[in-house]
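**Student:** If you scroll down you'll find the structure; I have some questions about it.
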Amino acid sequence: MTAELHGNEPSGDEPQRSGTQPTHRPRVVVVGSGFGGLFTTQALEKADVDVTMIARTTHHLFQPLLYQVATGILSVGDIAPANRLVLRKQKNATVLLGDVTNIDVTARTVTSNVLGRETVTPYDWLVVAAGSGQSYFGNDQFAEFAPGMKTIDDALELRGRILGAFELAELTTDPDERRRLLTFVVVGAGPTGVELAGQIAELAHRTLRGAFRHIDPREAHVIVLDGADAVLPVYGGKLSRTARSDLEKLGIEVQLGALVVDVDSTGLVVKDKDGTERRIEARTKVWSAGVQASPLGRVIADQTDAEVDRAGRLLVNPDLTVPGHPEVFVVGDMMSLDKLPGLAQVAMQGGRYAAKQIVAGTRGESPAARPPFKYFDKGSMATISRFNAVAQVGKLEITGFIGWIAWLFIHLMYLVGFRNRLSTLISWTVTFLGRSRAQMASTEQQVFARLAIDRAARDSQNLDAESHAQDGRPRAAG
């Protein structure tokens, strides 16, 4: 089933080109509801355009706090408000649910699909902000045993795996199995890995202390692995050394220069710098070591003069557009320009910049007159544990309690909606000043649903392949 959304049709057969005055209200399609997509859409609120946001989820995800959902501090609703509710007062914005499967830059259409229902949406201007997914560096089979940290489903699955490990450790009488269950390995020593490892340690040492009768949760062994030579390598120097020291004070073991070469249900194999391989027994593994841009980057590159880098990001012009297509902007994790980091601030500022250029274009300004995108670096920060964080703002380096306060303030400020800010502040107060965590429920479905869905998809593909093979066989004469 295919639906086509026409909106106000342009006169003539040719699509409107940027830099010309359309005879209809300009149509802007925004792909993605992350920071880039949402900030683009909101920046166009007062513009004389019709905006259509197409997103594969119904919510805007505040991804920097996803690890707090995984460790029972925050609820899903605190960091994932519904797109429709966020934009319901923006009268020129329409929200469509769908996974974008194709972008035709010649016909200027975006094709999306949800549950077999296909929708084709035309555009005059396009902003692609589809974000990125977890990268296993060519070893996608690792995902079965080491989920990433990119979606709500990932966080809920991980919460179930972490809490389930303690529950199973309480039941077993085998000391080796108990040790395996109480070992948690985080692959990746970037901000996500560091913050997650810190909260797993605090969960074991504070929240769960005294809650079991046959195990001491404080015996949990948390390991952070990374192939790099430093924790938080993007910071470097003093901040990286401080972060490692703070992790080790929490009882977390940091193993650097270690590459993961195999993962299974009971552990993983790592290769050290000297080439030796060793095995770590651990039931719970988390992957936060790399990202891969949305495959839509390749879809666009195949139709244009654009190139993609090894992470699948599109190499864009200084005005964030695709070469040869001044009406197509790419923002956030999907674009590569001047070695800009994959941070929320880059996506936010890129979205606002794209919206400003679109408004200028609707007024007849030439793409050649556009100023290049300039990123204003507001700094980077990562929390290690309660009352402790590292932050870098320009040349200023902040650590400890002051860094933690700055981290709280910045993250609270960028949450969407007053209610979410208030509920998050209450949850932080309860967790960080006390020992309790409100979001400690987990289910078997959260843990196993992803694997069941993946198996069902593979079985369906195998059945389709067998059916096609049978259709191609010559029929016996009768």
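**Student:** At a 10 angstrom cut-off on C-beta neighbours, averaged per residue, how do the peptides 252-259, 211-218, 93-100, 342-349 rank from highest to lowest?
**Tutor:** Per-residue Cβ counts within 10 Å, averaged per peptide and sorted highest first, yield 342-349, 93-100, 252-259, 211-218.
**Student:** I would also like to ask the following. How much length is gained if the chain between N113 and K46 is pulled fully straight, taking 0.36 nm per residue apart and subtracting their Cα-Cα distance, in nm to one decimal?
**Tutor:** 21.2 nm
**Student:** Further question on the same structure: Can you give the angle from 0 to 90° between the axis of helix 237-249 and the longest principal axis of the chain, with both taken from C-alpha atoms, to the nearest 10?
**Tutor:** 50 degrees
**Student:** Still on this structure: Taking the mean number of other Cβ atoms within 10 Å as a proxy for protection, how do you rank 67-74, 317-324 from highest to lowest?
**Tutor:** So the peptides 67-74, 317-324, ranked by packing, come out 67-74, 317-324.
**Student:** For the chain, take the longest principal axis of its alpha carbons; what is the angle in degrees between that and the long axis of helix 444-471, to the nearest 10 within 0 to 90?
**Tutor:** 50 degrees
**Student:** I'd like the distance separating the alpha-carbon centroids of the range 33-66 and the range 371-397, in whole Å.
**Tutor:** 23 Å
**Student:** Among DSSP beta bridges lying fully in the chain, give the percent that are antiparallel, nearest 5.
**Tutor:** Bridges in the chain that DSSP calls antiparallel: roughly 50 percent.
**Student:** Let me ask something else. Using Cα positions and a limit of under 18 Å, work out the aspartates and glutamates in reach of K150, with same-chain residues fewer than 8 apart set aside.
**Tutor:** Straight-line reach from K150, under 18 Å: D78, D99, D140, E195, D333, D454.
**Student:** Right, next: I'd like the orientation of helix 191-202 relative to the chain: the angle between its Cα long axis and the longest Cα principal axis, in ° from 0 to 90, rounded to 10.
**Tutor:** Computed tilt is about 40 degrees.
**Student:** Based on the alpha-carbon gyration tensor of the range 252-345 and its eigenvalue square roots a ≥ b ≥ c, which shape applies: rounded if a/c is under 1.5, prolate if not and a/b is larger than b/c, or oblate?
**Tutor:** Prolate, since a/c reaches 1.5 and a/b exceeds b/c.
**Student:** Then there is this: Starting from the 7 Å offset along Cα-to-Cβ, what nm value, one decimal, do you get for the label separation of F387 and F418?
**Tutor:** Taking the simple label geometry, F387 and F418 are separated by 3.3 nm.
**Student:** What is the Cα convex hull volume of the chain when expressed per residue in Å³?
**Tutor:** Taking only Cα atoms, the chain has a hull volume of 190 Å³ per residue.
**Student:** Taking a ≥ b ≥ c as the square roots of the Cα gyration tensor eigenvalues, with a/c under 1.5 meaning rounded and otherwise prolate when a/b beats b/c, else oblate, which class fits the range 65-168?
**Tutor:** oblate
**Student:** Please list 184-191, 146-153, 275-282 highest first by mean number of surrounding beta-carbon atoms within 10 Å per residue.
**Tutor:** Output ranking for 184-191, 146-153, 275-282: 184-191, 146-153, 275-282.
**Student:** Is the shape of the range 208-277 best called rounded, prolate or oblate, per the rule: a/c under 1.5 gives rounded, else a/b larger than b/c gives prolate, else oblate, with a ≥ b ≥ c the square roots of the Cα gyration tensor eigenvalues?
**Tutor:** oblate
**Student:** What number results when the radius of gyration of the range 140-289, computed over Cα atoms, is divided by 2.2 N^0.38 Å?
**Tutor:** 1.01
**Student:** Please report the antiparallel percentage of the DSSP beta bridges confined to the range 140-289, to the nearest 5.
**Tutor:** Beta bridges within the range 140-289, antiparallel portion: roughly 45 percent.
**Student:** For the residues M381, M334, M413, what sequence is obtained by ranking on other C-beta atoms within 10 Å, fewest first?
**Tutor:** Ordered by Cβ neighbours within 10 Å, fewest first: M413, M381, M334.
Just so you know, all these numbers are worked out from the coordinates, no wet-lab data involved. Quick caveat: nothing in here was measured; it's all calculated off a predicted structure. Cβ atoms come from the backbone with ideal geometry, glycine included; neighbour counts cover every protein chain shown.
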